[in-house]
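One structure is given here, and the rest of the page talks about it.
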Amino acid sequence: MTGSVGETEQTVPIMSNDDVVRARQLVRTLAQQAGLSLVDQTKLVTAASELARNTLVYGGGGAMHCGTVRRDGRKGVHAVFEDSGPGIPDIHLALTDGWTSGGGLGLGLSGARRLVDDFALESAAGAGTKVSVTKWRR
């Protein structure tokens, strides 16, 4: 993990499209509070939106835990997306640009990874998925 989520930690259940919007709004608010630049706010919100949608569509729903973090004198926003869905049988393949298990463009996971500073994915077939991301203030 990239750091512990601080006092600002909040959890958003992700069970509907409205929840995806709520998750995105929370991430934007925390990114603003953490002092991220507008470009970095946009990158983090875009990544969070993709990951929340994946949690809903591919994981059958789950939750996002999000808050501000501090490490080595830096401040950032850390978000964890978890589901209890079917999991990802081949993580390496899932992180390949252009690969998709559905009808999308295949840029969700790999794109999200490029948009954040720290990215970790844990998953196995039948065991759900957990994706952790952090964006640090520059």
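The numbers here are math on the coordinates, done by the rules we state, and not lab data. As the structure is a computational prediction, the values presented were derived from the model and not from experiment. Virtual Cβ from ideal backbone geometry, glycine too; neighbours counted across all protein chains shown.
Observations, loosely collected:
- Proportion of all alpha-carbon pairs of the stretch 10-136 beyond 23 Å (%): 25 percent
- When the stretch 10-136 is described by a simple charge dipole with +1 on each Lys and Arg Cβ and -1 on each Asp and Glu Cβ, the residue from Val77, Ala127, Gly87 located farthest towards its positive end is Val77.
- For the chain, the longest principal axis of the alpha carbon atoms and the long axis of helix 17-33 meet at an angle near 30°.
- Excluding same-chain neighbours fewer than eight residues apart, the lysines reachable from Lys75 by a Cα-Cα span under 21 Å are Lys43, Lys135.
- Among 108-116, 68-76, 82-90, 48-56, the peptide with the highest mean count of other Cβ atoms within 10 Å heads the list, and the full ranking is 48-56, 108-116, 82-90, 68-76.
- Pairwise label distance in nanometres, Leu38 with His65, each label 7 Å out on the Cα-Cβ vector: 3.4 nm
- GNM flexibility winner over the chain from His78, His65, His92 (Cα, springs under 10 Å): His92
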